[in-house]
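Quick notes on the structure that follows.
The values are calculated or read from the model by the stated rules, or taken from the named source; none is laboratory data. From a predicted model like this one, the values you see are computed outputs, not experimental measurements. Don't worry about glycine lacking a Cβ; one is built from the backbone with ideal geometry, like all the others, and counts go over all protein chains shown. These accessible areas exclude ligands, DNA and RNA; they are computed on the full protein's heavy atoms, side chains included. Shrake-Rupley method; radii C 1.70, N 1.55, O 1.52, S 1.80 Å.
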Amino acid sequence: MSFLMSRALARLVCGHHRHSVLSVRTCSTQTPDSSTHPTLSQVLDNVTSQLSAAQVPEPALSAQYLLSCCLLPQADLHSARPVLAQDWRQAPAQHLSPAQATTLHRLVQCRLARMPVQYILGNWDFHNITIQVRPPVFIPRPETEQLVDLVLSSLPPPVPGQHLHLLEVGPGSGAVSLAILSARQDLLVTCVERSQAAVELTRDNTSLLGLVDRLEVVQGKVEPGAQLEGLHEEYHLVFSNPPYILRKDLMALEPEISLYEDLRALDGGAKGLDVILPIIELAGEKLPKGGLLMLEVDPCHPHILPTKLESLDTSMVVDRVVEDFTGKERFMVLRKT
Amino acid sequence: MLSVRPVLPSLLRSLPSILSRHKSHIDKSSVPRLDQADLQEKVTLGSGPGGQAVNKTANAVFLKHLPTGLWVKCHQTRSVEMNRKIAKQLLVIKLDNLVNGENSVENQKKTNEKIKLERKKEKTRLKYEQRKLESLKEQSEGQDGEIS
(Lines give C-alpha, C1' and ligand atoms only; values in the text may rest on other atoms or scores of the structure.)
Protein backbone atom coordinates (compact mmCIF):
# COMPACT_ATOMS: atom_id res chain seq x y z
CA MET A 1 0.00 0.00 0.00
CA SER A 2 1.43 3.35 -0.97
CA PHE A 3 0.62 4.76 2.47
CA LEU A 4 2.91 2.31 4.25
CA MET A 5 5.56 2.59 1.56
CA SER A 6 5.57 6.32 1.93
CA ARG A 7 6.04 6.05 5.68
CA ALA A 8 9.01 3.73 5.17
CA LEU A 9 10.38 6.08 2.58
CA ALA A 10 10.02 8.99 4.97
CA ARG A 11 11.96 7.19 7.69
CA LEU A 12 14.68 6.05 5.32
CA VAL A 13 15.27 9.24 3.44
CA CYS A 14 14.51 11.93 5.95
CA GLY A 15 15.06 10.43 9.38
CA HIS A 16 12.00 12.27 10.54
CA HIS A 17 11.36 13.32 14.12
CA ARG A 18 11.50 10.30 16.41
CA HIS A 19 13.39 8.11 13.95
CA SER A 20 17.17 8.07 13.77
CA VAL A 21 18.95 9.92 11.02
CA LEU A 22 20.63 7.59 8.57
CA SER A 23 23.86 8.70 6.93
CA VAL A 24 23.83 9.83 3.34
CA ARG A 25 25.85 6.80 2.23
CA THR A 26 22.97 4.44 2.84
CA CYS A 27 20.77 6.33 0.38
CA SER A 28 20.99 5.23 -3.20
CA THR A 29 22.22 8.66 -4.29
CA GLN A 30 25.44 10.46 -5.11
CA THR A 31 27.32 12.18 -2.31
CA PRO A 32 27.52 15.99 -2.69
CA ASP A 33 30.44 17.33 -4.69
CA SER A 34 32.25 19.70 -2.34
CA SER A 35 35.19 20.48 -4.58
CA THR A 36 33.70 23.56 -6.23
CA HIS A 37 32.49 25.54 -3.13
CA PRO A 38 29.49 27.28 -4.70
CA THR A 39 27.96 30.35 -3.07
CA LEU A 40 24.49 30.20 -1.55
CA SER A 41 23.04 31.87 -4.65
CA GLN A 42 24.60 29.21 -6.84
CA VAL A 43 23.42 26.44 -4.53
CA LEU A 44 19.91 27.82 -4.75
CA ASP A 45 20.03 27.84 -8.54
CA ASN A 46 21.42 24.29 -8.59
CA VAL A 47 18.72 22.93 -6.32
CA THR A 48 16.00 24.78 -8.24
CA SER A 49 17.23 23.27 -11.53
CA GLN A 50 17.46 19.83 -10.00
CA LEU A 51 13.89 19.96 -8.69
CA SER A 52 12.60 21.51 -11.88
CA ALA A 53 14.21 18.81 -14.02
CA ALA A 54 12.50 16.18 -11.89
CA GLN A 55 9.18 18.01 -12.38
CA VAL A 56 8.73 18.67 -8.72
CA PRO A 57 6.06 21.36 -8.22
CA GLU A 58 7.13 24.80 -6.90
CA PRO A 59 10.84 24.11 -7.53
CA ALA A 60 12.10 27.63 -6.74
CA LEU A 61 10.09 28.07 -3.56
CA SER A 62 10.92 24.54 -2.36
CA ALA A 63 14.62 25.20 -2.99
CA GLN A 64 14.46 28.37 -0.87
CA TYR A 65 12.81 26.58 2.02
CA LEU A 66 15.28 23.67 1.86
CA LEU A 67 18.26 26.03 1.77
CA SER A 68 16.92 28.03 4.72
CA CYS A 69 16.35 24.77 6.60
CA CYS A 70 19.90 23.46 6.12
CA LEU A 71 21.33 26.76 7.39
CA LEU A 72 19.65 26.26 10.76
CA PRO A 73 21.74 25.04 13.69
CA GLN A 74 21.37 21.28 13.86
CA ALA A 75 19.32 21.41 17.06
CA ASP A 76 16.61 23.50 15.40
CA LEU A 77 15.76 21.01 12.70
CA HIS A 78 12.21 19.74 13.22
CA SER A 79 11.60 22.09 16.10
CA ALA A 80 8.85 24.62 15.69
CA ARG A 81 11.18 27.44 14.73
CA PRO A 82 9.60 28.88 11.59
CA VAL A 83 11.86 28.45 8.56
CA LEU A 84 11.29 31.36 6.24
CA ALA A 85 12.29 31.17 2.62
CA GLN A 86 14.28 34.41 2.75
CA ASP A 87 16.65 33.60 5.65
CA TRP A 88 19.51 32.73 3.29
CA ARG A 89 19.37 36.09 1.49
CA GLN A 90 21.28 37.75 4.35
CA ALA A 91 24.55 36.37 2.98
CA PRO A 92 24.24 35.24 -0.63
CA ALA A 93 28.02 35.00 -1.10
CA GLN A 94 28.38 32.69 1.89
CA HIS A 95 29.29 29.04 1.39
CA LEU A 96 27.74 25.94 2.89
CA SER A 97 29.78 24.06 5.44
CA PRO A 98 30.27 20.33 4.72
CA ALA A 99 27.70 19.46 7.40
CA GLN A 100 25.19 21.89 5.90
CA ALA A 101 25.82 20.54 2.41
CA THR A 102 25.16 17.02 3.65
CA THR A 103 21.93 18.13 5.32
CA LEU A 104 20.82 19.94 2.18
CA HIS A 105 21.54 16.89 0.07
CA ARG A 106 19.33 14.80 2.36
CA LEU A 107 16.53 17.38 2.24
CA VAL A 108 16.69 17.55 -1.56
CA GLN A 109 16.37 13.77 -1.79
CA CYS A 110 13.22 14.02 0.32
CA ARG A 111 11.78 16.66 -1.99
CA LEU A 112 12.73 14.66 -5.07
CA ALA A 113 10.70 11.86 -3.52
CA ARG A 114 7.82 14.38 -3.50
CA MET A 115 7.72 14.72 0.28
CA PRO A 116 5.78 17.91 1.03
CA VAL A 117 7.97 20.85 2.06
CA GLN A 118 6.03 21.16 5.31
CA TYR A 119 6.94 17.61 6.37
CA ILE A 120 10.58 18.19 5.43
CA LEU A 121 10.72 21.32 7.58
CA GLY A 122 8.75 19.69 10.37
CA ASN A 123 6.73 22.78 11.15
CA TRP A 124 4.40 25.20 9.45
CA ASP A 125 2.50 28.41 10.14
CA PHE A 126 -1.25 28.47 10.41
CA HIS A 127 -3.15 31.67 11.08
CA ASN A 128 -1.53 33.19 14.18
CA ILE A 129 0.44 30.13 15.34
CA THR A 130 3.29 27.82 14.33
CA ILE A 131 2.77 24.08 14.76
CA GLN A 132 4.70 20.89 14.19
CA VAL A 133 3.66 18.71 11.28
CA ARG A 134 4.71 15.15 10.50
CA PRO A 135 3.54 12.39 8.18
CA PRO A 136 0.99 10.97 7.82
CA VAL A 137 -1.05 13.62 9.66
CA PHE A 138 -2.87 16.00 7.31
CA ILE A 139 -1.11 19.31 6.71
CA PRO A 140 -3.41 22.30 7.32
CA ARG A 141 -4.33 24.14 4.12
CA PRO A 142 -4.34 27.97 3.80
CA GLU A 143 -8.10 28.12 3.10
CA THR A 144 -8.80 26.56 6.48
CA GLU A 145 -7.38 29.66 8.20
CA GLN A 146 -10.65 31.31 7.29
CA LEU A 147 -12.54 28.72 9.36
CA VAL A 148 -10.74 30.09 12.41
CA ASP A 149 -12.03 33.60 11.73
CA LEU A 150 -15.53 32.30 10.96
CA VAL A 151 -15.70 30.61 14.36
CA LEU A 152 -14.21 33.57 16.25
CA SER A 153 -16.49 36.12 14.60
CA SER A 154 -19.59 34.17 15.55
CA LEU A 155 -18.79 33.98 19.27
CA PRO A 156 -20.29 36.45 21.76
CA PRO A 157 -17.86 38.79 23.55
CA PRO A 158 -15.98 37.14 26.43
CA VAL A 159 -17.60 37.34 29.86
CA PRO A 160 -15.14 37.41 32.81
CA GLY A 161 -15.25 34.17 34.75
CA GLN A 162 -17.21 32.32 32.07
CA HIS A 163 -15.97 29.79 29.56
CA LEU A 164 -17.39 28.64 26.24
CA HIS A 165 -17.01 24.98 25.31
CA LEU A 166 -16.42 24.20 21.66
CA LEU A 167 -16.20 20.88 19.84
CA GLU A 168 -13.95 20.10 16.88
CA VAL A 169 -14.23 16.92 14.84
CA GLY A 170 -11.02 15.79 13.17
CA PRO A 171 -8.35 18.23 14.42
CA GLY A 172 -5.49 16.46 12.58
CA SER A 173 -2.48 18.46 13.72
CA GLY A 174 -4.72 20.53 16.01
CA ALA A 175 -4.17 23.66 13.93
CA VAL A 176 -7.71 25.05 13.89
CA SER A 177 -8.50 24.50 17.59
CA LEU A 178 -5.12 25.81 18.70
CA ALA A 179 -5.39 28.93 16.55
CA ILE A 180 -8.85 29.60 18.02
CA LEU A 181 -7.63 29.03 21.58
CA SER A 182 -4.64 31.31 21.02
CA ALA A 183 -6.96 34.10 19.98
CA ARG A 184 -9.28 33.98 22.99
CA GLN A 185 -8.60 33.09 26.60
CA ASP A 186 -12.15 32.15 27.59
CA LEU A 187 -12.54 29.13 25.31
CA LEU A 188 -12.24 25.42 26.03
CA VAL A 189 -12.15 22.86 23.24
CA THR A 190 -12.80 19.14 22.97
CA CYS A 191 -11.43 17.41 19.87
CA VAL A 192 -12.57 14.05 18.56
CA GLU A 193 -10.01 12.31 16.34
CA ARG A 194 -9.98 8.80 14.91
CA SER A 195 -6.28 8.60 14.00
CA GLN A 196 -3.85 7.69 16.77
CA ALA A 197 -1.05 9.57 14.98
CA ALA A 198 -3.19 12.70 14.79
CA VAL A 199 -4.21 12.39 18.45
CA GLU A 200 -0.53 12.33 19.39
CA LEU A 201 0.37 15.25 17.13
CA THR A 202 -2.54 17.36 18.40
CA ARG A 203 -1.41 16.66 21.97
CA ASP A 204 2.22 17.52 21.11
CA ASN A 205 1.18 20.81 19.51
CA THR A 206 -1.09 21.59 22.45
CA SER A 207 1.89 21.18 24.80
CA LEU A 208 4.11 23.19 22.49
CA LEU A 209 1.70 26.13 22.62
CA GLY A 210 1.06 25.85 26.35
CA LEU A 211 -2.64 25.16 25.93
CA VAL A 212 -2.86 21.82 27.71
CA ASP A 213 -5.37 23.14 30.23
CA ARG A 214 -7.79 24.24 27.50
CA LEU A 215 -7.78 21.48 24.90
CA GLU A 216 -8.66 17.83 25.43
CA VAL A 217 -8.42 15.16 22.74
CA VAL A 218 -10.75 12.18 22.64
CA GLN A 219 -9.93 9.30 20.34
CA GLY A 220 -12.94 8.07 18.41
CA LYS A 221 -14.60 7.89 15.03
CA VAL A 222 -17.67 9.94 14.17
CA GLU A 223 -19.91 7.60 12.21
CA PRO A 224 -23.61 6.73 12.12
CA GLY A 225 -24.68 5.22 15.41
CA ALA A 226 -21.36 5.90 17.12
CA GLN A 227 -21.35 6.13 20.91
CA LEU A 228 -18.48 8.49 21.64
CA GLU A 229 -17.08 8.53 25.15
CA GLY A 230 -15.58 11.56 26.81
CA LEU A 231 -17.78 14.23 25.26
CA HIS A 232 -19.75 16.82 27.20
CA GLU A 233 -23.57 16.94 27.11
CA GLU A 234 -23.60 20.19 25.18
CA TYR A 235 -21.26 22.50 23.29
CA HIS A 236 -21.69 26.14 22.39
CA LEU A 237 -20.43 25.59 18.84
CA VAL A 238 -19.18 22.71 16.70
CA PHE A 239 -16.67 23.05 13.87
CA SER A 240 -14.78 20.76 11.52
CA ASN A 241 -12.63 20.44 8.44
CA PRO A 242 -13.74 16.87 7.73
CA PRO A 243 -12.59 14.63 4.87
CA TYR A 244 -14.68 15.97 1.97
CA ILE A 245 -12.96 14.93 -1.25
CA LEU A 246 -15.19 12.98 -3.57
CA ARG A 247 -13.95 9.44 -4.22
CA LYS A 248 -13.57 10.10 -7.94
CA ASP A 249 -11.25 13.06 -7.24
CA LEU A 250 -9.10 11.07 -4.84
CA MET A 251 -7.32 9.38 -7.73
CA ALA A 252 -6.19 12.69 -9.21
CA LEU A 253 -4.34 13.88 -6.11
CA GLU A 254 -0.68 14.83 -6.50
CA PRO A 255 1.99 12.49 -5.02
CA GLU A 256 2.69 14.94 -2.18
CA ILE A 257 -0.76 14.08 -0.91
CA SER A 258 -1.38 10.51 -2.05
CA LEU A 259 2.02 9.19 -0.94
CA TYR A 260 2.46 11.00 2.36
CA GLU A 261 -0.83 12.13 3.88
CA ASP A 262 -3.36 9.85 5.55
CA LEU A 263 -6.04 9.44 2.90
CA ARG A 264 -8.63 8.87 5.64
CA ALA A 265 -8.30 12.62 6.28
CA LEU A 266 -9.36 13.31 2.70
CA ASP A 267 -11.73 10.57 1.54
CA GLY A 268 -15.34 11.67 1.85
CA GLY A 269 -16.79 8.79 -0.11
CA ALA A 270 -18.80 8.86 -3.31
CA LYS A 271 -20.38 12.26 -2.72
CA GLY A 272 -17.81 13.52 -0.20
CA LEU A 273 -20.45 13.41 2.54
CA ASP A 274 -19.62 10.16 4.34
CA VAL A 275 -18.15 11.97 7.35
CA ILE A 276 -20.03 15.25 7.02
CA LEU A 277 -23.46 13.71 7.54
CA PRO A 278 -22.58 11.94 10.82
CA ILE A 279 -20.96 15.18 12.02
CA ILE A 280 -24.19 17.03 11.31
CA GLU A 281 -26.09 14.43 13.34
CA LEU A 282 -23.63 14.70 16.19
CA ALA A 283 -23.94 18.49 16.14
CA GLY A 284 -27.71 18.16 16.28
CA GLU A 285 -27.33 16.19 19.52
CA LYS A 286 -24.72 18.41 21.13
CA LEU A 287 -25.82 21.94 20.23
CA PRO A 288 -28.43 24.08 21.98
CA LYS A 289 -31.23 25.57 19.93
CA GLY A 290 -29.73 28.22 17.65
CA GLY A 291 -26.26 26.70 18.03
CA LEU A 292 -23.99 26.67 15.00
CA LEU A 293 -22.00 24.04 13.13
CA MET A 294 -19.24 25.36 10.88
CA LEU A 295 -17.78 23.14 8.19
CA GLU A 296 -15.21 23.36 5.48
CA VAL A 297 -16.61 21.55 2.46
CA ASP A 298 -16.15 20.76 -1.19
CA PRO A 299 -17.60 23.51 -3.46
CA CYS A 300 -20.27 21.09 -4.70
CA HIS A 301 -21.68 20.51 -1.22
CA PRO A 302 -23.71 23.74 -0.87
CA HIS A 303 -25.68 22.43 -3.83
CA ILE A 304 -26.14 18.79 -2.81
CA LEU A 305 -26.25 18.96 0.97
CA PRO A 306 -29.65 20.67 1.47
CA THR A 307 -31.48 17.76 -0.21
CA LYS A 308 -29.48 15.23 1.79
CA LEU A 309 -30.39 17.04 5.00
CA GLU A 310 -34.07 16.42 4.39
CA SER A 311 -33.52 12.67 4.48
CA LEU A 312 -31.64 12.92 7.79
CA ASP A 313 -33.44 12.84 11.10
CA THR A 314 -31.88 16.07 12.24
CA SER A 315 -32.87 19.52 13.38
CA MET A 316 -29.90 21.13 11.62
CA VAL A 317 -30.58 23.50 8.74
CA VAL A 318 -28.26 25.42 6.40
CA ASP A 319 -27.78 28.96 7.68
CA ARG A 320 -25.36 30.32 5.12
CA VAL A 321 -22.54 29.54 2.69
CA VAL A 322 -19.22 31.42 2.79
CA GLU A 323 -16.69 31.80 -0.02
CA ASP A 324 -12.96 31.39 0.46
CA PHE A 325 -10.49 33.98 -0.84
CA THR A 326 -10.33 32.26 -4.23
CA GLY A 327 -14.08 32.76 -4.63
CA LYS A 328 -15.05 29.12 -4.17
CA GLU A 329 -17.93 28.14 -1.89
CA ARG A 330 -15.78 26.63 0.83
CA PHE A 331 -17.65 26.91 4.12
CA MET A 332 -21.14 26.06 5.30
CA VAL A 333 -22.75 27.25 8.49
CA LEU A 334 -25.58 25.13 9.82
CA ARG A 335 -27.91 26.03 12.66
CA LYS A 336 -29.88 23.94 15.07
CA THR A 337 -33.59 24.68 15.04
CA MET B 1 45.48 89.22 25.98
CA LEU B 2 43.08 86.93 24.39
CA SER B 3 39.67 88.18 23.50
CA VAL B 4 37.07 85.51 23.88
CA ARG B 5 33.95 86.13 21.93
CA PRO B 6 30.81 85.26 23.86
CA VAL B 7 29.99 82.30 21.63
CA LEU B 8 28.31 80.22 24.30
CA PRO B 9 25.49 82.64 25.28
CA SER B 10 24.27 83.04 21.66
CA LEU B 11 24.17 79.29 21.24
CA LEU B 12 22.23 78.97 24.48
CA ARG B 13 19.71 81.49 23.18
CA SER B 14 19.02 79.45 20.01
CA LEU B 15 18.67 76.15 21.89
CA PRO B 16 15.02 76.58 22.93
CA SER B 17 13.84 76.94 19.31
CA ILE B 18 15.63 73.71 18.41
CA LEU B 19 14.39 71.85 21.47
CA SER B 20 10.79 73.05 21.12
CA ARG B 21 10.49 71.03 17.94
CA HIS B 22 11.07 67.88 19.98
CA LYS B 23 7.77 66.04 19.75
CA SER B 24 7.44 62.27 19.39
CA HIS B 25 3.70 62.71 18.85
CA ILE B 26 2.63 61.39 15.44
CA ASP B 27 -0.60 62.75 13.98
CA LYS B 28 -2.49 59.74 12.69
CA SER B 29 -5.80 61.50 12.13
CA SER B 30 -5.50 61.78 8.36
CA VAL B 31 -4.39 58.20 7.69
CA PRO B 32 -6.74 56.94 4.96
CA ARG B 33 -9.10 54.08 5.68
CA LEU B 34 -9.36 51.24 3.21
CA ASP B 35 -12.82 50.54 1.87
CA GLN B 36 -13.23 46.83 1.10
CA ALA B 37 -15.16 47.73 -2.06
CA ASP B 38 -12.09 49.54 -3.44
CA LEU B 39 -9.82 46.55 -2.99
CA GLN B 40 -8.93 43.74 -5.33
CA GLU B 41 -7.24 40.82 -3.64
CA LYS B 42 -5.61 37.81 -5.24
CA VAL B 43 -3.94 34.97 -3.43
CA THR B 44 -1.38 32.99 -5.40
CA LEU B 45 -2.71 29.51 -4.90
CA GLY B 46 -3.11 28.75 -8.54
CA SER B 47 -6.16 27.34 -10.25
CA GLY B 48 -7.52 23.90 -9.58
CA PRO B 49 -9.79 22.48 -6.90
CA GLY B 50 -8.02 24.04 -3.92
CA GLY B 51 -8.85 23.08 -0.36
CA GLN B 52 -7.86 19.59 0.81
CA ALA B 53 -7.15 18.43 -2.73
CA VAL B 54 -4.11 20.68 -3.08
CA ASN B 55 -0.98 21.23 -1.00
CA LYS B 56 0.98 24.25 -2.14
CA THR B 57 3.39 26.38 -0.14
CA ALA B 58 2.96 29.53 -2.24
CA ASN B 59 0.65 31.94 -0.46
CA ALA B 60 1.60 35.38 -1.71
CA VAL B 61 -1.16 37.94 -1.38
CA PHE B 62 -1.57 40.58 -4.05
CA LEU B 63 -3.69 43.56 -2.99
CA LYS B 64 -4.67 46.44 -5.25
CA HIS B 65 -6.42 49.71 -4.43
CA LEU B 66 -8.57 50.23 -7.49
CA PRO B 67 -9.23 54.01 -7.31
CA THR B 68 -5.51 54.85 -7.17
CA GLY B 69 -3.95 51.81 -8.81
CA LEU B 70 -1.56 51.35 -5.89
CA TRP B 71 -0.72 47.72 -5.14
CA VAL B 72 1.35 45.58 -2.79
CA LYS B 73 2.47 41.98 -2.84
CA CYS B 74 3.16 40.22 0.44
CA HIS B 75 4.91 36.88 0.88
CA GLN B 76 6.54 37.57 4.25
CA THR B 77 5.01 34.73 6.26
CA ARG B 78 3.85 31.17 5.70
CA SER B 79 0.28 32.01 6.71
CA VAL B 80 -2.19 33.44 4.22
CA GLU B 81 -4.13 35.33 6.89
CA MET B 82 -0.95 36.94 8.19
CA ASN B 83 0.09 37.88 4.66
CA ARG B 84 -3.32 39.43 4.05
CA LYS B 85 -3.09 41.47 7.26
CA ILE B 86 0.41 42.66 6.42
CA ALA B 87 -0.57 43.43 2.82
CA LYS B 88 -3.39 45.65 4.08
CA GLN B 89 -1.01 47.46 6.45
CA LEU B 90 1.53 48.00 3.66
CA LEU B 91 -1.18 49.31 1.33
CA VAL B 92 -2.41 51.78 3.95
CA ILE B 93 1.15 53.10 4.29
CA LYS B 94 1.47 53.51 0.51
CA LEU B 95 -1.88 55.25 0.29
CA ASP B 96 -1.04 57.47 3.24
CA ASN B 97 2.21 58.56 1.55
CA LEU B 98 0.38 59.28 -1.70
CA VAL B 99 -2.52 61.20 -0.18
CA ASN B 100 -0.80 63.03 2.68
CA GLY B 101 2.71 63.56 1.31
CA GLU B 102 5.07 64.81 4.00
CA ASN B 103 2.29 64.63 6.59
CA SER B 104 1.93 60.87 6.22
CA VAL B 105 2.75 58.83 9.31
CA GLU B 106 5.86 57.41 7.66
CA ASN B 107 7.16 60.86 6.69
CA GLN B 108 6.31 62.34 10.08
CA LYS B 109 8.44 59.62 11.64
CA LYS B 110 11.28 60.41 9.23
CA THR B 111 11.08 64.11 10.10
CA ASN B 112 11.13 63.31 13.82
CA GLU B 113 14.17 61.12 13.32
CA LYS B 114 15.90 63.98 11.46
CA ILE B 115 15.10 66.40 14.29
CA LYS B 116 16.39 63.90 16.86
CA LEU B 117 19.60 63.55 14.89
CA GLU B 118 19.97 67.33 14.61
CA ARG B 119 19.48 67.74 18.35
CA LYS B 120 22.13 65.14 19.01
CA LYS B 121 24.55 66.87 16.66
CA GLU B 122 23.76 70.22 18.27
CA LYS B 123 24.38 68.80 21.73
CA THR B 124 27.72 67.40 20.65
CA ARG B 125 28.68 70.69 19.02
CA LEU B 126 27.77 72.64 22.15
CA LYS B 127 29.81 70.32 24.31
CA TYR B 128 32.78 70.75 22.01
CA GLU B 129 32.42 74.54 21.99
CA GLN B 130 32.10 74.63 25.78
CA ARG B 131 35.27 72.58 26.23
CA LYS B 132 37.11 74.80 23.76
CA LEU B 133 36.00 77.89 25.69
CA GLU B 134 37.07 76.42 29.03
CA SER B 135 40.49 75.50 27.75
CA LEU B 136 40.95 79.01 26.26
CA LYS B 137 39.85 80.52 29.61
CA GLU B 138 42.44 78.46 31.46
CA GLN B 139 45.11 79.51 29.00
CA SER B 140 44.34 83.24 29.30
CA GLU B 141 44.14 83.06 33.14
CA GLY B 142 47.42 81.29 33.16
CA GLN B 143 48.99 84.10 31.08
CA ASP B 144 47.95 87.23 32.92
CA GLY B 145 45.33 86.37 35.50
CA GLU B 146 42.60 88.39 33.78
CA ILE B 147 39.47 87.44 31.88
CA SER B 148 38.45 89.78 29.10
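Tabulated results
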quantity: Selected residue (only one of A:Val148, A:Val199, A:Val176, A:Val212 is more than 17 Å from the chain's Cα centre (by Cα) and either more than 13 Å from chain B (Cβ to nearest Cβ) or in a helix (DSSP H, G or I) (or both)); calculated: A:Val212
quantity: Residues within segment B:70-82 that are open to solvent by less than 30 Å² (accessible area, probe 1.4 Å) and more than 7 Å from every other protein chain (Cβ to nearest Cβ), tallied; calculated: 2
quantity: Members of segment B:45-68 that are of a type in the set (A, V, I, L, M, F, W, C) and either without any contact (Cβ under 8 Å) to a residue 12 or more places away in the chain or more than 10 Å from chain A (Cβ to nearest Cβ) (or both); calculated: B:Ala53, B:Val54, B:Phe62, B:Leu63, B:Leu66
quantity: Segment A:153-179, residues that are of a type in the set (Val, Ile, Thr) and without any contact (Cβ under 8 Å) to a residue 40 or more places away in the chain; calculated: A:Val159
quantity: Failed item, numbered, when B:Val31 is tested on (1) modelled with pLDDT under 85; (2) away from chain A (no Cβ under 14 Å); calculated: (1)
quantity: Candidate set: segment A:316-332, residues that are open to solvent by 40 Å² or more (accessible area, probe 1.4 Å) and closer than 19 Å to A:Tyr235 by Cβ; chosen: the one nearest to the chain's Cα centre (by Cα); calculated: A:Asp319
quantity: Helices (runs of 4 or more DSSP H) completely within segment A:243-315 that count 2 or more residues being more than 25 Å from A:Thr190 (Cβ to Cβ) and either open to solvent by less than 30 Å² (accessible area, probe 1.4 Å) or away from every other protein chain (no Cβ under 14 Å) (or both); calculated: A:255-258, A:301-311
quantity: Options A:Leu181, A:Leu152; residue that is modelled with pLDDT of 95 or more and either basic (Lys, Arg) or open to solvent by 20 Å² or more (accessible area, probe 1.4 Å) (or both); calculated: A:Leu152
quantity: Lone unmet requirement of (1) surrounded by fewer than 17 Cβ atoms within 10 Å (Cβ to Cβ); (2) of a type in the set (A, V, I, L, M); (3) within 22 Å of the chain's Cα centre (by Cα) for B:Leu126; calculated: (3)
